[in-house]
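Taking it in order: structure first as structure tokens, then the write-up.
The values are calculated or read from the model by the stated rules, or taken from the named source; none is laboratory data. Computed from a predicted structure; not experimentally measured. Note that we place each Cβ from the backbone using ideal geometry, even for glycine, and neighbour counts take in every protein chain shown. Accessible surface areas use protein heavy atoms only, side chains included; no ligands, DNA or RNA. Shrake-Rupley method; radii C 1.70, N 1.55, O 1.52, S 1.80 Å.
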Amino acid sequence: MASPDMAKAYDPSLAETKWYPRWEKRGYFAGKIEPGKEPYTIVIPPPNVTGMLTLGHVLNNTLQDILIRFEKMRGKSICWVPGTDHAGIATQAKVEAMLREEEGLTRRDLGREAFLARVWEWKEKYGGTIIRQLRSLGTACDWERERFTLDQRLSEAVEEVFVRLYEKGLIYRGTRLINWCPKTRTALSDEEVYHQTVKGHLWHIRYPFSDGSGHLVVATTRPETMLGDTAVAVNPQDERFQALIGKKLRLPLAGREIPVIADDWVKPEFGTGAVKVTPAHDPNDYEIGQRHGLEMINIFNDDATMNEAAGEDFVGMDRYECRESVVQQLTELGLLVKVDEYTHEVGYSERGHVAVEPRISAQWFVKMKTLAEPAIEAVNSGRIHFHPERWVKTYNHWMENIRDWCISRQLWWGHRIPAYYCQSCEHIEVSRETPTRCSGCGGTELRQDEDVLDTWFSSWLWPFSVFDWPHDNPDLRNFYPTQTLVTGPDIIFFWVARMIMAGLEFRGEIPFSNVYFTSIIRDADGRKMSKSLGNSPDPIDVIAEFGADALRYTVIYLAPVGTDIRYSNDKCELGRNFANKLWNAARFRQIQGEISPDWANLDGLDKSQLRPDDRWILARADAAIRNLTTHLDQFDFHAYALQLYDFVWSEFCDWYVESAKSAFYGESEERKRTTLRIFDHVYGQVLRLMHPVMPFVTEELYHNLGYVGDEGSVMLADWPRPLEAAEQERLGLDPTLVELVAEKFRLVRAGRNLRSAYNIPMAQKIDYFLKPTDAAFQEIIERDPASMQTLLNASKLTIDAAFEPEGSIPSAVEKHGLVYMPLTGLIDIDAELARLDKQRDELLRGLSALDNKLSNDKFVSKAPAEVVQRERQRQRELREKFDQVQALMSDLSRQR
RNA sequence: GGGCGUUUAGCUCAGCUGGCUAGAGCGCAUGCUUCACACGCAUGAGGUCACAGGUUCAAGUCCUGUAACGCCCACCA
């Protein structure tokens, strides 16, 4: 026996540091145009430049890596484009915070140009950490193609798109009520607002009529906005207020005179039936204001403090401070009728995490309706497939109710809007080049819009901007459209839907044909991973402790389709143990000597040389190849992980390797050679099947065992193919054989159970007797009694269909036979009877269910013939087994 | 207010188009330093498949309703 030169346990860090640089250097990750090969492209969902690797990224990128490696092995020409997103608000805020802390400066202190220089500086120094971290996960990204959304070329794409849409009339500048974040002081899109349930109040306020003829009571959740009221609205059908419509009210605190108007929107049953109208600060009021031509009074500064329009009592106050002050003054004036507790939903800024302030302002918008139509069609026609499919509903709902997209942001970090205002006339120039002359009045003084574009305005172009669109080039034609997008369902509106629209609009083609939505990772208690909770483990630490493969495998194993994942670090033991199991199977193999020269195929193999167990493992491997391929094809990664585990650990290691030992340590050189060849063949398949999810350990082992030379790689190996029917025939892999071998293993288990019942350790060799009750089964075990002897660790195994024990000895019944453990004098008859009694009960339960079924005429006449047939067969088998158990029991009872 | 998802062993989850004496991992119990692996091996215990109806020869699997938990969308002051 050779001594192993492999360590006793797998050390992930060795393989990880060894292989990644080699793969990269040898160009395995490079996306090349390969004529005759089908391209398979994935663009990474670009993480924020400010980002650090999280478990969410681990899941997302492992999935992409699995697909890339799988498709490469299947012979496709792969290209995985990595990159990062400039993440406007997030990055700007990060650098601003740093400036504030370290230098006590604001961005305005520095000025636009100097500030941007500092952001770039920051980006070069600290940005892209996540890109470096991704490498330690093993991702096969083409790093030569790394892109950044603010790269020169990608910025050209953004400008091009802006100009094209403007020229098409799909981008316009308008003064609208938009969502304003007072913390970051910029406009937001509707998608950047999240709602929170807030316990507030409903204040009832008395508004007196100008003519002194009494008052009207309005109800509001935001009393401070009354300073901007320009009307009070009632429902035209509401009889209580019929006579009051058109009358004037004297607005308290402000002193302004405002009309009572009638609008259908007002719900008579809510509050008092009368609504104060603040068109400049509430979306509904804005609509009413539009309909009635009301004045819009903006009472807030851009940080949500009160401006002059709020009146001198309140100017400068924060909005909440102002609220208290207004309420206090109203109380003093006796105008506050009552205050109710009131729970409602309030919009918050995703960035600033403060309540959004609706605000009238001039912004740039994209008209979405016409862009959405073809995108809806693309998904509903099935050209683009969502996994899981239910997200289509969510997508459709949003798309069908889509509203114009506010794309301008009052930030500095981002793509500057390519719009130029003529200083001499009203004209706006929108162009790719900086214009020198106004096309309206000929004026030469033009000033560029100060604002930048929403980050997503560059992200939505990502699938083609990374290939240098709008410049036509071979890469763009070859790699676009991409194949699969892997992302979280949380950005289905922000990103996925918009990419589909952009792809169709600017390339005339869908950007990808499949979208896989990942699960959300939670902690063991089901809470979202978050920094503030401190329940978000650093994947880099996990990799150091368990290995990248372990982390990858575990995360995939834990990720069912479409439900959340409950993760904790200790679960990575599963992946680590699995990698170690795989490692040790190789270590065991290495001890047996050199790898078989003809491991790669089964050509020329004579089935008569094969042990039944060899044929069994070949059949099981074939089934595994089929299933695993299907699972990956269907994006069922979880099933892929489960199936791998079961095949490798249970079928290959627990049964086949143990059985193979009988051949390895047996007399026949020929048999040993054949078994080694089968072992090598199947194990080679195992390494390839596992490679997509566990790239490092499989590569290391592929080399250690000599499947490939130094310059080769499992990454370049072919994905295992299932056997043709003719080949299965030639090798004798029929289902009956497979079932008989499985039955043999069941009998082995029954034999071991006897040992266990009598506390005889596996290490102690003992005699067994085997009594087959089925001729075909007997033939199978007699063809290779050595494997069964090894599996039972029997000193002697006697196979005898006519075996009758002398006296009582422990025994067990299986479908095709009985196993006896002769232990004269040691038998515990009561224990034996109890065990058999339990088995008999189980059989009886099964039998009575079957008897009922089969004696039911309806079942026999209505169920498919093959089902009835199968149940009859089972009934026969159970009855036979039952009779055997019964016989053993009466024997034992007599001995008592 | 709409929409979606989940509910199967102590825990985390499998179980496709209905045919199951309901499976795995962890944990648990017992025994093993057996010549790959204690990150291991062997054996075993553990479930009226959330609840109530219905369809069917047959339901964890299909339908209806209920409950609990979770997520998304939504301008009712």
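Answer yes or no as to whether residue A:686 is under 30 Å from residue A:67 (Cα atoms), within 16 Å of RNA strand B (Cβ to nearest atom) and in contact with a Gly (Cβ under 8 Å, 6 or more places away or on another chain).
When the stated conditions are applied, residue A:686 does not pass them.
State which residue pairs qualify: first residue farther than 17 Å from residue A:6 by Cβ and inside region A:566-583, second residue within 6 Å of RNA strand B (Cβ to nearest atom) in any location, beta carbons under 6 Å apart, and separation of 6 or more residues or different chains.
Listed by first residue and then by second, the contacts come to nothing, as the list is empty.
Among the numbered criteria (1) in contact with a strand residue (DSSP E or B) (Cβ under 6 Å, 6 or more places away or on another chain); (2) surrounded by fewer than 22 Cβ atoms within 10 Å (Cβ to Cβ); (3) within 30 Å of residue A:368 (Cα to Cα), which one does residue A:152 miss?
So the condition that residue A:152 fails would be (1).
Out of all the residues in region A:399-426, which are closer than 22 Å to residue A:371 by Cβ, out of contact with any helix residue (DSSP H, G or I) (no Cβ under 8 Å at 6 or more places or on another chain) and assigned to a loop (DSSP other than H, G, I, E, B)?
A:401, A:404
Return yes when residue A:403 is open to solvent by 20 Å² or more (accessible area, probe 1.4 Å) and in contact (Cβ under 8 Å) with a residue 24 or more places away in the chain and no when it is not.
So residue A:403 fits the description; yes.
For residue A:809, all conditions in the list (1) open to solvent by 40 Å² or more (accessible area, probe 1.4 Å); (2) farther than 28 Å from residue A:665 by Cα; (3) part of a loop (DSSP other than H, G, I, E, B) hold save one; what is the number of the exception?
For residue A:809, the failing item is (1).
Conditions tested, residue by residue: (1) within 16 Å of RNA strand B (Cβ to nearest atom); (2) open to solvent by 30 Å² or more (accessible area, probe 1.4 Å); (3) within 30 Å of residue A:168 (Cβ to Cβ); (4) touching a residue at least 12 places away in the same chain (Cβ under 8 Å).
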| position | (1), (2), (3), (4) |
| --- | --- |
| A:304 | no, no, no, yes |
| A:319 | yes, no, no, yes |
| A:338 | yes, yes, no, yes |
| A:341 | yes, yes, no, yes |
| A:347 | yes, no, no, yes |
| A:359 | yes, yes, yes, yes |
| A:368 | yes, no, yes, yes |
| A:371 | no, no, yes, yes |
| A:377 | no, yes, yes, no |
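Does region A:499-546 hold any residues that are within 30 Å of residue A:166 (Cα to Cα) and of a type in the set (Gly, Ala, Ser), and which are they?
Result: A:502, A:503, A:508, A:513.
Can you tell me which of (1) in contact with a Lys or Arg (Cβ under 7 Å, 6 or more places away or on another chain); (2) away from RNA strand B (no atom under 13 Å from the Cβ); (3) within 20 Å of residue A:295 (Cα to Cα) is the one residue A:215 doesn't meet?
For residue A:215, the exception is condition (3).
If only one of A:357, A:350, A:321, A:345 is charged (D, E, K, R) and over 37 Å from the mean Cα position of the chain (by Cα), which one is it?
A:321
Given the options A:564, A:613, A:541, name the one that is under 21 Å from residue A:662 (Cα atoms) and charged (D, E, K, R).
A:613
Name the residues in region A:596-631 that are under 14 Å from residue A:685 (Cα atoms) and either open to solvent by 30 Å² or more (accessible area, probe 1.4 Å) or of a type in the set (Val, Ile, Thr) (or both), would you?
Listed by number, the residues that qualify are A:598, A:599, A:600, A:601, A:617, A:620, A:625, A:626, A:627, A:629.
Which of (1) out of contact with any Lys or Arg (no Cβ under 7 Å at 6 or more places or on another chain); (2) surrounded by 16 or more Cβ atoms within 10 Å (Cβ to Cβ); (3) within 30 Å of residue A:828 (Cβ to Cβ); (4) aliphatic (A, V, I, L, M) does residue A:885 not meet, given it meets every other one?
Condition (1) is where residue A:885 drops out.
Of everything in region A:538-595, what is open to solvent by 10 Å² or more (accessible area, probe 1.4 Å) and of a type in the set (S, T, N, Q)? Give them in sequence order.
A:563, A:568, A:569, A:577, A:580, A:584, A:590, A:592
So residue A:23 ticks every box in (1) under 30 Å from residue A:91 (Cβ atoms); (2) open to solvent by less than 20 Å² (accessible area, probe 1.4 Å) but one. Which box is left unticked?
So the condition that residue A:23 fails would be (1).
How many of the residues in region A:680-710 are polar (S, T, N, Q) and in contact with a Ser or Thr (Cβ under 7 Å, 6 or more places away or on another chain)?
Number of matching residues: 0.
Is it the case that residue A:242 is without any contact (Cβ under 8 Å) to a residue 24 or more places away in the chain and closer than 25 Å to residue A:178 by Cα?
Criteria not met by residue A:242.
Of everything in region A:641-654, what is aromatic (Phe, Trp, Tyr) and either at positive phi or within 11 Å of RNA strand B (Cβ to nearest atom) (or both)? Give them in sequence order.
Answer for region A:641-654, where residues must be aromatic (Phe, Trp, Tyr) and either at positive phi or within 11 Å of RNA strand B (Cβ to nearest atom) (or both): A:645, A:649, A:652.
Do we have residue A:884 as under 27 Å from residue A:739 (Cβ atoms), in contact with a strand residue (DSSP E or B) (Cβ under 8 Å, 6 or more places away or on another chain) and not hydroxyl-bearing (Ser, Thr, Tyr) here?
Yes; evaluated as a whole, the condition is true for this residue.
What number of residues in region A:845-870 are touching a Leu at 6+ places or on another chain (Cβ under 6 Å) and more than 7 Å from RNA strand B (Cβ to nearest atom)?
Residues that pass the stated criteria total 1.
Condition check: among the hydroxyl-bearing types (Ser, Thr, Tyr), within 46 Å of the chain's Cα centre (by Cα), surrounded by 16 or more Cβ atoms within 10 Å (Cβ to Cβ) and in a helix (DSSP H, G or I). Does residue A:790 satisfy that?
Yes; evaluated as a whole, the condition is true for this residue.
Please count how many residues of region A:184-219 are open to solvent by 40 Å² or more (accessible area, probe 1.4 Å), in a loop (DSSP other than H, G, I, E, B) and modelled with pLDDT under 90.
Residues flagged as open to solvent by 40 Å² or more (accessible area, probe 1.4 Å), in a loop (DSSP other than H, G, I, E, B) and modelled with pLDDT under 90 within region A:184-219 amount to 4.
Among the listed residues A:611, A:615, A:620, identify the single one that is more than 15 Å from RNA strand B (Cβ to nearest atom), in contact with a Gly (Cβ under 8 Å, 6 or more places away or on another chain) and more than 30 Å from residue A:483 (Cα to Cα).
A:615
Note down all Cβ pairs under 7 Å where the first residue falls in region A:840-856 and is open to solvent by less than 80 Å² (accessible area, probe 1.4 Å), the second is β-branched (Val, Ile, Thr) and near RNA strand B (Cβ under 9 Å from one of its atoms), and they're at least six residues apart or on different chains.
A:854/A:860
Please work out if residue A:757 is more than 43 Å from the chain's Cα centre (by Cα), in contact (Cβ under 8 Å) with a residue 60 or more places away in the chain, under 17 Å from residue A:814 (Cβ atoms) and within 10 Å of RNA strand B (Cβ to nearest atom).
yes
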